[in-house]
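Take a look at the structure below.
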Amino acid sequence: MRGVPAPGAGNVGSVTTPHSAGTGPARPQIMGILNITPDSFSDGGRYLDFTDAVAHGEQMAADGADLIDVGGESTRPGADRVDAATETARVVDVIAALAERGLAVSIDTTRAAVAAAAIGAGASVVNDVSGGLADPDMARVVADTGVRWVLMHWRGHSADMQQLAKYENVVADVKAELEDRAEAALDNGVERDKLILDPGLGFAKTAEHNWKLSAHLDEFVALGYPVLFGSSRKSYLGRLLGDESGKPRPVGQREAATLATSVLAFEAGAWGVRVHDVAGTADARAVWEATRAGR
Ligand code: PMM
């Protein structure tokens, strides 16, 4: 590791100073999820229409999202890949429309060409679930454009990632692999204060791994980079809340559990959370902030 980001550095649009970097009173960030895909596990097929997608992005901003995370390819386990042209076509016009309305937008992609098009349309953050591993050109695009870069922990594409969920010590291994990704980004000319790390819940992780990573999120914060936490509606929550027959809680009924994990992430010092239910998360953040202020 090469030290910590400079205080107050790296603000992009309305993405404020990370409180996880120990830089003052800034609040945890809420990244609202906008998947423009037919097959994402929670909102797949809902926002394929341009007008619906933009309206949902605007609604999430009105509900308290600091950043709208637009994705054009599903990353759910087992998902098929789409080509770069299809992925780009799904996202660019929506990103341009949201950026024109003054909203901060991230592009959820592992492809440099898609990221470049999204940045051209107004995205100010690249949310790369592969942490730069999937596309060797991603670091150059990020370095050249000066946007922020979320490096998520990842071991392989959706089709085979669950076979890769093998760790000696999941917390230590994920931390070490993320630090390697951050080092690689720095070696490729990306500035330290542009980086955000994410342990990647559900990506080559079992439910047990997700709980371990959640429980030790403070250790990721201690690495000195802003930390993003993405648990929203994921299957480990469905499994936890399953019925007596072992049937998981349906995706649409995991919101209270998601909110609990988000508050725990705030408490651990996370920079932000990536969620579907922005309004609920904004309420939870208000409760957490009022509690913190009362200490
Ligand atoms: N999870 C998903 C997609 N993108 N990005 C980051 N940084 N962290 C995550 O945990 C993450 C992500 C999968 O969830 P979705 O299908 O609901 O978008």
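Of all residues in the range 203-229, those satisfying the criterion of being in a loop (DSSP other than H, G, I, E, B), in contact (Cβ under 8 Å) with a residue 60 or more places away in the chain and within 15 Å of the ligand (Cβ to nearest atom) are Phe203, Tyr225, Pro226.
Whenever a residue of the range 267-286 is under 24 Å from His216 (Cβ atoms) and modelled with pLDDT of 95 or more, its partners that are open to solvent by 10 Å² or more (accessible area, probe 1.4 Å) and of a type in the set (A, V, I, L, M), lying with C-beta atoms within less than 7 angstrom and at least six residues away or across chains, give the pairs Ala268/Val221; Gly269/Val221; Ala270/Val221; Thr281/Leu259; Ala284/Leu259; Ala284/Val263. Scanning the range 230-264 for residues that are more than 15 Å from the ligand (Cβ to nearest atom) and in a loop (DSSP other than H, G, I, E, B) turns up Leu241, Gly242, Asp243, Glu244, Ser245, Gly246, Lys247, Pro248, Arg249.
Annotation: Ser42 fulfils all but one of (1) open to solvent by 40 Å² or more (accessible area, probe 1.4 Å); (2) among the hydroxyl-bearing types (Ser, Thr, Tyr); (3) within 11 Å of the ligand (Cβ to nearest atom); the unmet one is (1).
Let me confirm something: among Arg76, Arg27, which residue is more than 14 Å from the ligand (Cβ to nearest atom), under 20 Å from Gly230 (Cα atoms) and either charged (D, E, K, R) or part of a strand (DSSP E or B) (or both)?
Arg27
Across the range 139-159, a minimum of one residue is classified as buried (at least 24 other Cβ atoms within 10 Å of the Cβ), away from the ligand (no atom under 14 Å from the Cβ) and in contact (Cβ under 8 Å) with a residue 12 or more places away in the chain. Checking the stated criteria, Ala143 turns out to be at pLDDT 95 or above and more than 16 Å from Ala222 (Cβ to Cβ).
Sort through Gly131, Gly122 and tell me the only one that's within 15 Å of the ligand (Cβ to nearest atom) and on the phi > 0 side of the Ramachandran plot.
Values: Gly122 fails: within 15 Å of the ligand (Cβ to nearest atom).
Every option except Gly131 fails the conditions.
A single member of Ala62, Ala53 is open to solvent by 20 Å² or more (accessible area, probe 1.4 Å), more than 10 Å from the ligand (Cβ to nearest atom) and not in a loop (DSSP other than H, G, I, E, B), and it is Ala62.
Of the residues in the range 215-227, at least one is in contact with a Ser or Thr (Cβ under 7 Å, 6 or more places away or on another chain), buried (at least 24 other Cβ atoms within 10 Å of the Cβ) and modelled with pLDDT of 95 or more. Taking the condition open to solvent by 50 Å² or more (accessible area, probe 1.4 Å) and out of contact with any Pro (no Cβ under 9 Å at 6 or more places or on another chain), does Asp93 pass? Considered against the rule, which asks whether it is open to solvent by 50 Å² or more (accessible area, probe 1.4 Å) and out of contact with any Pro (no Cβ under 9 Å at 6 or more places or on another chain), Asp93 comes out as yes. Scanning the range 237-257 for residues that are in contact (Cβ under 8 Å) with a residue 24 or more places away in the chain and crowded, with 22+ Cβ neighbours inside 10 Å gives a single hit, Leu237. Within the range 265-295, the set of residues being assigned to a helix (DSSP H, G or I), small (Gly, Ala, Ser) and exposed (fewer than 14 other Cβ atoms within 10 Å of the Cβ) comprises Ala286, Ala290, Ala293.
The values are calculated or read from the model by the stated rules, or taken from the named source; none is laboratory data. From a predicted model like this one, the values you see are computed outputs, not experimental measurements. Neighbour counts run over all protein chains shown; Cβ positions are idealised from the backbone, glycine included. Heavy atoms of the whole protein, side chains included, go into the accessibility calculation; ligands, DNA and RNA do not. Shrake-Rupley method; radii C 1.70, N 1.55, O 1.52, S 1.80 Å.
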